[in-house]
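The values are calculated or read from the model by the stated rules, or taken from the named source; none is laboratory data. Predicted, not measured: the structure shown is a model, and the values here were computed from it. When we count neighbours, we look across all protein chains shown, and the Cβ atoms used for this are built from the backbone with ideal geometry, even at glycine.
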Amino acid sequence: MKRRDFMVKSSLALAAVASSELWLDSIVRGETMPLNLPVLDTYFQVSKEDMNKLLAATLSKGADFADLFFEYRITSLLTFEEDKVKSARRGIISGVGIRAIRGDQVGYAFSEDLSFAKMMEAANAAAAIANDPVARQRVKAISEIRPKNLYPVAELATTSDLSKKLAFINEANEAAKAYSPKIVRVNASFSDEVKYLAYANSEGVSWTDMQPVFVFGTSCIAEEGKRRETGYESGGGRIGLEYFSKKRKAADIAREAARLAVLNLKAEDAEAGLQTVVLGAGDSAVLLHEAVGHGLEADFNYKKLSNYSGRVGEKVASEACTVLDEGLFENMRGTINVDDEGNTPTATMLIENGILRGYMCDRISAQQLKTKPTGNGRREAYNYVPMARMTNTYMKPGKYDPEEIIKSVKKGIYAKRFTGGQVDITKGDFTFSVAESYRIEDGKITAPLKGVTLIGNGPEVMTKVTMVGSDLKFADGGWTCGKNGQSVPVGMGIPTVKVSEITVGGTKVQAVNETGKESHDA
């Protein structure tokens, strides 16, 4: 499993494959695109009759199920380095993905050309997976579902005036430089996109959606003598430019990046070995996402590839741990109105008081496990098949005050935020890099640390959670999750959590930790 990225992938800068003259004209005139245009008519010019014919062709060789996924994506990327605009890019991507399913076998084809002839070629190619001369299923009459809009937007970032984005970037640039004379370089970026989607399947389900998302990030370099350190902070979600007035100002994001860079100048070497670790609320949820969340995606479990396979009803974590995946939080980065297979997202209970209750399911994995889809079928784009993916994964708050948790640790590490991580799904083994951490001594947070990594096994670490705080916080950054070559935006949250021991990788040898066990260089 590859390291997770802060930024949206480079596909943001791809050139247009197909374009809407209406939208392009509005950009030339400096106008804002209306948010409530009919998606099918405006972006795809595909009738319900055409969709019925495509679905019938996809079922024609014996498939059990067929679906169509149309996407029109507008992307924008603005970068700012050393007091000037480094690049400004805008792109449009459009196409359709057509899928045929028989059992757990999938035939998939896609087309960038949305002419009926080319789409029919793709439908016939996808149908070939079934390899049967007889159509065994019929297409049901299409009926559109209208899910609740969980990402209302007042001013869409992707079609807003460029000068507004530049104003936020300039605000961040000035705030970071003013934070300290030790800040010698500031970079800022504004990455955003909006997807206009349309979907229909052979069971009669259809929907349309507009999915906005943006991430605003600032990175700083601080210098003192010969030492240079960096700091990074970001914010955003499925929201518009109103984010900067309702949630966080661009200057606040920049000052936080500057604070981290300056803080790291005085960071000390970390001691290696088994140590008690307190995970900070918010960004440290990436450990939960990687070390636990991926192992609870149902495709790994019906294939018996996860440590959690076949263990529903068993104790897999400390009684203090209750973990859910929920795509229903308004404007959050991992939120979806409907998943990419037409299922409404749910509050999926994964672990309840330490007991495994279920998995995150897409259509195929739900069928294999004889359960219902949980609204977790997601894909990166029209040219990818959907699979079981997380939305917003979080641990429920506990009963302890965060200060009480810190006071309970005689010697350990406070890991406040992470830069990313990687995990072996089959074994559950993980490695994480910690961006901000501190030494805990006699129940107090003391010196900042550098070079800290956490190494361990996800299911094992979950059994060593001894205290869970009452301060659940969701990360407000641009977390993007990679799986099988696909990347999707995700959200995550966690309260302050105490883990009795995790292997800490550092540069100093610790002879004996507070548990009394010998420790060595990691």
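The residues on offer are ASP192, ASP161, and the sole one that is at pLDDT below 95, of a type in the set (Asp, Glu) and under 28 Å from MET332 (Cβ atoms) is ASP161.
When LEU305 is tested against (1) within 20 Å of GLY103 (Cβ to Cβ); (2) modelled with pLDDT of 95 or more, exactly one condition is not met: (2). When the test is whether a residue is closer than 30 Å to GLU171 by Cβ, aromatic (Phe, Trp, Tyr) and not assigned by TED's automatic domain parsing to the domain that holds GLY342, TYR72 does not pass it.
The set of residues from segment 65-90 being crowded, with 21+ Cβ neighbours inside 10 Å and basic (Lys, Arg) comprises just one member, ARG73.
Condition (residue is of a type in the set (Val, Ile, Thr), closer than 15 Å to LEU274 by Cβ and either part of a strand (DSSP E or B) or in contact with a Ser or Thr (Cβ under 7 Å, 6 or more places away or on another chain) (or both)) applied to segment 488-498: is it met by at least one residue? Looking through segment 488-498, none of the residues is of a type in the set (Val, Ile, Thr), closer than 15 Å to LEU274 by Cβ and either part of a strand (DSSP E or B) or in contact with a Ser or Thr (Cβ under 7 Å, 6 or more places away or on another chain) (or both).
Only a single item in (1) in contact with a Phe, Trp or Tyr (Cβ under 9 Å, 6 or more places away or on another chain); (2) touching a residue at least 60 places away in the same chain (Cβ under 8 Å); (3) not hydrophobic (A, V, I, L, M, F, W, C) is not met by ARG102, and it is number (2). If you go through segment 462-480 and keep only what is in contact with a Pro (Cβ under 8 Å, 6 or more places away or on another chain) and at pLDDT below 95, you end up with GLY478, TRP479, THR480. One residue stands out among those in segment 184-197 that are of a type in the set (A, V, I, L, M) and surrounded by 23 or more Cβ atoms within 10 Å (Cβ to Cβ): the one that is farthest from PRO147 (Cα to Cα), which is VAL186. The C-beta contact set for segment 440-466 (first residue under 11 Å from VAL409 (Cβ atoms), second residue assigned to a strand (DSSP E or B) and aliphatic (A, V, I, L, M), distance under 7 angstrom, 6+ apart or interchain) comprises ILE440/VAL278; ILE440/ILE413. The residues in segment 450-480 that are under 30 Å from PRO212 (Cβ atoms), in contact with a Ser or Thr (Cβ under 7 Å, 6 or more places away or on another chain) and part of a strand (DSSP E or B) can be counted, and the count is 1.
For (1) charged (D, E, K, R); (2) crowded, with 24+ Cβ neighbours inside 10 Å; (3) not assigned by TED's automatic domain parsing to the domain that holds ILE93; (4) not in a strand (DSSP E or B), each residue gets a yes or a no:
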{"site": "LYS372", "(1), (2), (3), (4)": "yes, no, yes, yes"}
{"site": "TYR394", "(1), (2), (3), (4)": "no, yes, yes, no"}
{"site": "PRO397", "(1), (2), (3), (4)": "no, no, yes, yes"}
{"site": "ILE405", "(1), (2), (3), (4)": "no, yes, yes, yes"}
{"site": "ALA415", "(1), (2), (3), (4)": "no, yes, yes, no"}
{"site": "PHE418", "(1), (2), (3), (4)": "no, yes, yes, no"}
{"site": "LYS427", "(1), (2), (3), (4)": "yes, no, yes, yes"}
{"site": "PHE432", "(1), (2), (3), (4)": "no, yes, yes, no"}
{"site": "ALA435", "(1), (2), (3), (4)": "no, no, yes, no"}
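Within the set ILE98, ILE93, the sole residue that is of a type in the set (A, V, I, L, M, F, W, C), under 19 Å from SER206 (Cα atoms) and surrounded by 22 or more Cβ atoms within 10 Å (Cβ to Cβ) turns out to be ILE98. Being assigned by TED's automatic domain parsing to the domain that holds ASN376 and either surrounded by fewer than 23 Cβ atoms within 10 Å (Cβ to Cβ) or in contact with a strand residue (DSSP E or B) (Cβ under 6 Å, 6 or more places away or on another chain) (or both) is a property that does not hold for GLY295. For residues that are of a type in the set (Ser, Thr, Tyr) and surrounded by 23 or more Cβ atoms within 10 Å (Cβ to Cβ), scanning just segment 200-233, find the one that is farthest from LEU166 (Cα to Cα). The residue in question is SER202.
Selection of segment 406-443 for residues being touching a helix residue (DSSP H, G or I) at 6+ places or on another chain (Cβ under 9 Å) and aliphatic (A, V, I, L, M) yields ALA415, VAL423, ILE425, ALA435, ILE440. Taking the criterion of being within 25 Å of PRO147 (Cα to Cα) and surrounded by fewer than 17 Cβ atoms within 10 Å (Cβ to Cβ), the residues of segment 304-355 that qualify are GLU330, ALA347. For LYS165, the criteria (1) assigned to a loop (DSSP other than H, G, I, E, B); (2) within 28 Å of SER87 (Cα to Cα) hold in every case but one, which is (1). Taken over segment 128-161, the residue count meeting the criterion of being part of a loop (DSSP other than H, G, I, E, B), out of contact with any Leu (no Cβ under 8 Å at 6 or more places or on another chain) and closer than 19 Å to ARG73 by Cβ is 2. ARG378 falls short on exactly one of the conditions (1) within 21 Å of LYS303 (Cβ to Cβ); (2) at pLDDT below 95; (3) out of contact with any helix residue (DSSP H, G or I) (no Cβ under 8 Å at 6 or more places or on another chain), and that condition is (2).
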